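Comments concern the structure below.
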Amino acid sequence: MKAQQNGTSLEHIGIDFYGIGHAIRNSRLQVPMYQRNYAWEKEHVEELLGDLAEAIWLGESEYFIGSIVLTNETSGCLYVTDGQQRLATVSIIIAAIRNYFSENGEEDRAKDLENMYLLSRDLRTRDSSPRLRLNAHDHGYFESTILNKPVPGKKPKADTNSHRRLKKAMETATNHIQQLAKTHPKNPIEKLFDWIDYLENCCKVIWVTVPDDGNAFTIFETLNDRGLDLAISDLLKNFLFHKAAKRLDEVQGYWTTMTGILEATSEDKALVTYLRHYWSSVNGLTRERDLYKKVKKKISSVAAAANLAKELSISSVKYAALSNINHVIWQKYGSTTRGHIEILNLLRMTRMRPLLLAILDVLSVSESKKALKYIVDLAVRTLIVGTPGGNLESKYSIVSVEIREGKIKTAGQLRKACNSIFPNDTQFRDEFAVATSSKSYLSRYYLRALEQTASGKRNPEFVPNPNSDEINLEHVLPIKPHRNWTGFTDEQHKTMYPRLGNLSLMKSSVNSVVGNAKFSEKKKVFAKSSLKLTKSIARKKDWKESDIINRQKKLATLAVKTWSGKFV
């Protein structure tokens with residue numbers, strides 16, 4: 001067969017239309033090490049199960065679930081370029097049926113099913129080998145917990161995101177099969193064989209086999225995936241591998257290293273987010289929907305593809321460290337900088353990461369330490385003043401590019417470049433004086449940092465006690481005041497109780513006792529506090545609207561000093 005794709009002649013391409021069960025049963029399949037880990041979440045598995053159930057119930061002769069693209073190796077093993085999520089999930093469904101047979105006295109049927117679809121067995125040695133082998137990261141867990149029947153009392157730990165997804169997929173499929181059997185109590189075995197037959201003959205895929213990776217990568221870009229659409233990360237990986245040509249092994253190695261590092265972060269969509277943040281840090285703000293197009297436009301040679309893969313691999317270490325204050329990288333920066341990173345994570349400032357990445361990649365350790373102190377102050381001020389997020393992210397990316405181009409080499413130059421988005425003292429004081437907070441993690445941090453400044457601590461961004469089990473928020477005017485609280489109209493209460501001036505830090509054990517007590521009772525507890533700002537509330541004769549307003553004005557003045565934008 002010959003075909004034309006994007007001007008390239010593609011020879012010896014096999015295209016078949018198979019039931020996915022038939023394809024698995026008659027193939028030896030291998031997911032290459034550079035492919036992403038198992039990525040389907042519970043909802044994707046449930047969607048496939050639901051679609052299959054509906055198609056079987058309606059008696060549909062065919063149910064199409066997309067294309068599978070494979071490289072036909074001389075070893076006889078097919079390497080999966082696209083389709084591993086569907087192949088793995090169908091194997092999981094079959095394994096769940098096998099387990100049901102085994103648990104209900106149908107051991108021979110369970111063994112037959114296992115031999116046909118899950119594990120092929122050598123007639124001479126009786127050794128078994130998987131019909132589908134996932135990548136190096138996932139396969140051990142996949143084989144021991146899914147392909148092989150579960151061993152009572154032995155449950156391998158799911159200690160990575162993809163292992164947890166595999167575990168959840170197996171649990172979801174198992175629950176579905178058990179419910180299916182319960183709905184057909186007279187003959188559940190027959191109903192489950194209906195499912196096996198449907199997977200074998202009617203759940204169809206376009207089975208595309210090509211002679212080498214280059215052709216596979218070209219085909220891949222033109223085909224749709226199911227469940228998770230062609231993820232940006234998959235498209236970029238495919239594009240770089242295609243561009244890599246004779247340096248493919250090198251680029252695959254860099255990609256594998258990068259994905260392994262990011263998988264360990266336990267953050268949702270870590271890979272896609274990192275790719276976008278890195279590209280924005282180097283080339284300016286890029287939205288996820290535009291990332292693939294921009295990379296494809298700029299990376300036009302083998303060398304450029306290899307260089308990008310290398311830089312992505314190197315920079316991923318620092319990106320992973322941004323979400324992990326215990327990462328080894330922070331040892332050379334010290335505990336102060338570790339504290340800055342902890343606060344930025346607490347404040348959910350992921351949109352700053354392109355800038356943080358540029359700082360860590362380019363600036364010296366000494367300048368980075370000062371710059372990160374400034375970034376914390378910038379983050380808090382913009383949170384309070386409320387500069388539009390889109391404008392900020394664009395500015396962060398612009399400054400990132402300037403750092404990488406060598407226009408910004410010091411923390412002082414960074415501060416100057418960010419001057420237009422750093423709210424001045426008057427703006428910050430005025431906004432802080434009227435700020436409310438519905439997010440307890442923000443309120444706790446603000447009050448903890450202000451307490452440090454009020455107490456004359458050297459590093460106000462550090463906290464007296466971050467443990468909410470020990471130190472918690474107390475609303476002086478309760479959220480739901482008892483009738484012993486007077487002096488506030490309903491409107492005043494609604495406006496005043498979430499104000500920062502109405503909040504204080506208090507030991508959690510005391511907080512639970514104080515509750516809705518009247519102010520005269522609360523004062524006695526405040527007076528015993530070791531926290532200066534909490535203790536000061538006890539000096540108030542009563543707690544009225546004016547007291548909340550005046551206290552917050554004082555906190556606002558303190559806030560200007562706490563998040564000053566200065567390096568010391």
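Every number here is computed from the coordinates shown, using simple stated rules; none is lab data. Note that this is a predicted model, so its numbers are computed, not measured. Reconstructed Cβ throughout: ideal geometry from the backbone, glycine too, with neighbour counts over all protein chains shown.
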Normalised by the number of residues in the stretch 232-430, what is the relative contact order in percent for Cα pairs under 8 Å and 6+ residues apart? 23
When the gyration tensor of the stretch 22-70 is built from Cα positions, what are the square roots of 5 times its three eigenvalues, in whole Å, from largest to smallest? 25, 17, 8
Cα gyration tensor of the stretch 46-126 - equivalent ellipsoid semi-axes, whole Å, descending: 24, 23, 10
Dividing the alpha-carbon radius of gyration of the stretch 2-222 by 2.2 N^0.38 Å (N being the number of residues), what value is obtained? 1.03
Roughly speaking, what is the centre-to-centre gap between the stretch 138-163 and the stretch 402-446 when only Cα atoms are used, to the nearest Å? 47
Could you calculate the FRET efficiency of ALA53 with LYS186 from 1/(1 + (r/R0)^6), where r is the beta carbon distance between them and R0 is 22 Å, rounded to 0.05? 0.75
Report, in cubic angstrom per residue, the convex hull volume of the C-alpha atoms of the chain. 208
Roughly speaking, what is the centre-to-centre gap between the stretch 24-39 and the stretch 332-357 when only Cα atoms are used, to the nearest Å? 37
What value, in deg cm²/dmol to 500, does the helix sum -39500 (n - 2.57) over DSSP H runs of n ≥ 4 give at 222 nm once divided by the residues of the chain? -17000 deg cm²/dmol
If contacts are Cα pairs under 8 angstrom and at least 6 residues apart, what is the relative contact order of the chain in percent? 13
7 Å from Cα along Cα→Cβ at both LYS540 and VAL365: what's the point-to-point distance in nm? 4.7
Karplus ³J(HN,Hα) for the stretch 27-37 (6.51 cos²θ - 1.76 cosθ + 1.60, θ = phi - 60°; Hz, whole; x = Gly/Pro) runs 9, 10, 10, 9, 8, x, 4, 7, 5, 5, 6
So how compact is the stretch 232-430: Cα radius of gyration and Dmax in angstrom? 17.1, 61
Restricting to the chain, compute how many DSSP beta bridges are antiparallel as a %, nearest 5. 70
